[in-house]
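What follows draws every value from the coordinates through simple rules; no lab data is involved. Worth saying up front: this structure is predicted, and the values here are computed from it rather than measured. A quick note on method: Cβ atoms are made from the backbone with ideal geometry, for glycine too, and the neighbour counts reach across all protein chains shown.
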Amino acid sequence: MLDEETTVRNEPRPAAAHPTTGADVELNVVSKHPDATIPESDISLADIERKRAHPLRTLCYVVLVLAALILPYWAGRTVGSQHTAWVVERFGAIDPRAIALVSWSVTVFAVLSVVMLIIDRVKALWFTLFVVLLCVEQFIGGVAMLRFDFWHSTYVIYGSAARVANAADLGIIAAGLALAVFAVVWVGLLVAIKKDSPLNVLTHVWTSLILLLVFETIALLIVMFGGLLTVV
């Protein structure tokens, strides 16, 4: 019993939560500076970011996108220029509005896959979908001789049946122009709208995605019902 009392007396007194005497203050100061338990490290933030980076994977992605841009377009132009009669026979009787809708849809879904690639965690799925849709869009553009003054090339290659190729070109161009207009408007909203403004909801991810679809739909309606299909 005496040994237990002696042990209790020899134990250090806990620091007071609200020190009132000099001894309590000194005890608190000492207790606020314990020995370091985390070892020092020479690894910097740049080293951590470097470990997270995958340059070889990024290079493969870039090569795939470039291949999807170049090879399908070249293949489409080859089909359009060397197998013109076959293209006209297969697609000449289709309504140009349907052709414009198909090319517009492929381009818009390719853009949406890029958006989802940015905001979603499932990167591989959306990147694969983007590459596939980009290949399809570029092949359609190649067959339709897509360029800024496409109506000259399509008339030379397809003659009186050029309206189908022109419709495909207009669908792709309409989707691209709508994306460009949306980008300008969205950046303007970011600059003009304050963070505490109720209109700041327009810059949120899903709201911006809906706004993009509105711009794309307007562009499609202009192509299909604005008389452009008959002008070119």
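A few comments on the model shown:
- Here the Karplus relation 6.51 cos²θ - 1.76 cosθ + 1.60, evaluated at θ = phi - 60°, turns the backbone of segment 100-110 into coupling constants of 4, 5, 5, 5, 5, 5, 4, 5, 5, 5, 5 Hz, with x for every Gly and Pro.
- Descending by average beta-carbon neighbour count within 10 Å, the peptides 67-79, 171-183 line up as 171-183, 67-79, the highest first.
- Shape descriptor for segment 110-149: Rg over Rh equals 1.14 (Cα atoms; Rh from the Kirkwood inverse mean 1/r).
- Label-zone membership for segment 156-173, site Thr84, 7 angstrom Cα→C-beta point, backbone N under 18 Å: 156-169
- Rounded to the nearest 20, the Cβ-based charge dipole of segment 53-231 about its Cα centre (Lys and Arg +1, Asp and Glu -1) stands at 300 debye.
- Using θ = phi - 60° and Karplus 6.51 cos²θ - 1.76 cosθ + 1.60, couplings along segment 137-149 (whole Hz; Gly, Pro as x): 4, 5, 5, 4, x, x, 4, 8, 6, 5, 6, 5, 10
- Cα Rg, Dmax (largest Cα-Cα span) when computed across segment 53-231, Å: 18.3, 61
- If you take all other residues with their beta carbon under 14 Å from the beta carbon of Ala162, and give Lys and Arg +1 and Asp and Glu -1, the sum is 0.
- Phi-derived couplings, Karplus 6.51 cos²θ - 1.76 cosθ + 1.60 at θ = phi - 60°, listed residue by residue for segment 119-131: 9, 9, 7, 7, 6, 4, 4, 6, 5, 4, 4, 4, 5 Hz, with x used for Gly and Pro.
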